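Down below is the structure, laid out as structure tokens.
The values are calculated or read from the model by the stated rules, or taken from the named source; none is laboratory data. Since we're looking at a predicted model, the values are computed, not measured. Using ideal geometry, Cβ is built from the backbone for each residue, glycine included, and neighbour counts are taken over all protein chains shown.
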Ligand code: ADP
Ligand code: MG
């Protein structure tokens, strides 16, 4: 393990802790009282919409910004006032600009060069870093001769070569097309397992966060709404915001909630939990919640069909069903028909209303 403390006292400390961290830019509260603990060796993501404060949190951890108030700790040590180069952290940005006039190997070795490493050490470690991102033998090329995915891997190698204790990644795959992005997601996860250091990934892409992370912090307007494993966030979202940002969710509140769920409050119901049945008039309300309605729209998606229903209770519902037997023609014939929506009561997830 890199940076293992000698005396053992820091071993239990989280790799990163933020305590009551605030950051204001003029009147804008970019980060508004964030508490976070990221464990050593964890793959941790900050997930949230644009402008929710993710990049600012990352820059506070790296030391490119200092908090307006609060404390940043790395491995248990207070680094709040320390400059970036005194923190055992490297950052990979979305626009991972490589030096165009340098070879791939020189790009990767650059961080070692400025730290005063000898030529031989530079070359050996740069090659090892390139191996770790599967770019063996690419050292002599210039960045212009690489694909987007390869350039992104060079940026990763350049960050890993200095053997940081923590790697910060700000939307590193944002510039890549979907296929390449999915491929790089698997590689990123593998890489993190191999090098065993703490990764903090910033992303607005819930699929990416769910696929990669041990735990995720969902951010909204400068605050952390919930921290949890992908399963916890999806199955037990703490707020309407988390329920709608991590996956999609129907939200029931007010009179419609009382009518359908049978009690007052705000509830989230995932579209894939809802069965769309022909309205034959029979009930099964012991274990299930039910509502009738008219199909307003049906979208055929190949593997599944998304069915939009205007319910008699007033609320519009979205249900997703796998096309086990349904054909495209079946799906397209649905609009206008009366249906019964039925789901198990355990899928009524209580939520704090959207604030
Ligand atoms: P995200 O990465 O989630 O999109 P950011 O952390 O970049 O969000 O920004 C959070 C908020 O802080 C936004 O409203 C943004 O406009 C503002 N902000 C970020 N950096 C600065 C800055 N240097 N000066 C002024 N406002 C900033
Ligand atoms: Mg950002």
Next item on the list: Specify which of the listed residues (291, 242) is closer than 30 Å to residue 175 by Cβ and surrounded by 15 or more Cβ atoms within 10 Å (Cβ to Cβ).
Entry: 242
Next item on the list: Go through the range 163-218 and give me each residue that's more than 23 Å from residue 245 (Cβ to Cβ) and either within 16 Å of ligand 2 (Cβ to nearest atom) or surrounded by fewer than 19 Cβ atoms within 10 Å (Cβ to Cβ) (or both).
Entry: 163, 177, 179, 180, 183, 186, 187, 190, 193, 194, 195, 196
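Rundown of residues vs (1) more than 15 Å from residue 199 (Cα to Cα); (2) more than 22 Å from the chain's Cα centre (by Cα), yes/no style:
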{"position": "48", "(1), (2)": "yes, no"}
{"position": "51", "(1), (2)": "yes, no"}
{"position": "58", "(1), (2)": "no, no"}
{"position": "62", "(1), (2)": "no, no"}
{"position": "66", "(1), (2)": "yes, yes"}
{"position": "70", "(1), (2)": "yes, yes"}
{"position": "74", "(1), (2)": "no, no"}
{"position": "79", "(1), (2)": "yes, yes"}
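When you go through 50, 17 one by one, which is the residue that is at pLDDT 95 or above, within 17 Å of residue 218 (Cα to Cα) and within 16 Å of ligand 1 (Cβ to nearest atom)?
Numbers: 17 fails: within 16 Å of ligand 1 (Cβ to nearest atom).
Exactly one of 50, 17 is at pLDDT 95 or above, within 17 Å of residue 218 (Cα to Cα) and within 16 Å of ligand 1 (Cβ to nearest atom), namely 50.
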Next item on the list: Give the residues of the range 317-347 that are within 21 Å of residue 262 (Cβ to Cβ) and loosely packed, with under 12 Cβ neighbours inside 10 Å, sorted by residue number.
Entry: 346
Notebook entry, point to check: Which residue, of 265, 231, 254, is on the phi > 0 side of the Ramachandran plot, surrounded by fewer than 22 Cβ atoms within 10 Å (Cβ to Cβ) and without any contact (Cβ under 8 Å) to a residue 60 or more places away in the chain?
Noted result: 254
Checklist line | Evaluation of residue 24 against (1) assigned to a strand (DSSP E or B); (2) within 16 Å of ligand 2 (Cβ to nearest atom); (3) under 29 Å from residue 240 (Cα atoms) (one fails), failing number | finding: (2)
Notebook entry, point to check: Do the conditions hold for residue 180, that is, is it assigned to a helix (DSSP H, G or I), under 25 Å from residue 58 (Cα atoms) and free of Cβ contacts under 8 Å to residues at least 40 places away in the same chain?
Noted result: yes
Notebook entry, point to check: Hey, which of the helices (runs of 4 or more DSSP H) in the range 50-163, taking only ones fully inside, have at least 1 residues that are under 30 Å from residue 25 (Cα atoms)?
Noted result: 54-62, 148-160
Next item on the list: List every residue pair whose Cβ atoms lie under 7 Å apart, where the two residues are 6 or more positions apart in sequence or sit on different chains, the first residue falls within the range 79-107 and is more than 28 Å from residue 146 (Cβ to Cβ), and the second residue, located anywhere, is within 16 Å of ligand 2 (Cβ to nearest atom) and at pLDDT 95 or above.
Entry: 87/62
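From 92, 31, 57, which residue is at pLDDT below 95, within 16 Å of ligand 2 (Cβ to nearest atom) and either on the phi > 0 side of the Ramachandran plot or crowded, with 16+ Cβ neighbours inside 10 Å (or both)? Outline the logic, then answer.
On the way: 31 fails: at pLDDT below 95; 57 fails: at pLDDT below 95.
Result: 92 is the single residue among 92, 31, 57 that is at pLDDT below 95, within 16 Å of ligand 2 (Cβ to nearest atom) and either on the phi > 0 side of the Ramachandran plot or crowded, with 16+ Cβ neighbours inside 10 Å (or both).
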Notebook entry, point to check: Within the group 175, 209, 217, which residue is within 14 Å of ligand 1 (Cβ to nearest atom) and outside any helix (DSSP H, G or I)?
Noted result: 217
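Residues of the range 315-342 being assigned to a loop (DSSP other than H, G, I, E, B) and either over 22 Å from residue 283 (Cβ atoms) or more than 31 Å from the chain's Cα centre (by Cα) (or both), which ones? So that I can check it myself, show each step before the final result.
So the first thing to find is which residues in the range 315-342 are assigned to a loop (DSSP other than H, G, I, E, B), and the list is 315, 323-327, 333-337.
Hits for the range 315-342 are 323, 324, 325, 326, 327, 333, 334, 335, 336, 337.
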Next item on the list: Considering only residues that are farther than 19 Å from residue 163 by Cβ and out of contact with any strand residue (DSSP E or B) (no Cβ under 7 Å at 6 or more places or on another chain), look in the range 53-81 and name the one that is nearest to ligand 1 (Cβ to nearest atom).
Entry: 59
Notebook entry, point to check: Quick check: is even one residue across the range 41-50 surrounded by fewer than 20 Cβ atoms within 10 Å (Cβ to Cβ) and within 16 Å of ligand 2 (Cβ to nearest atom)?
Noted result: yes
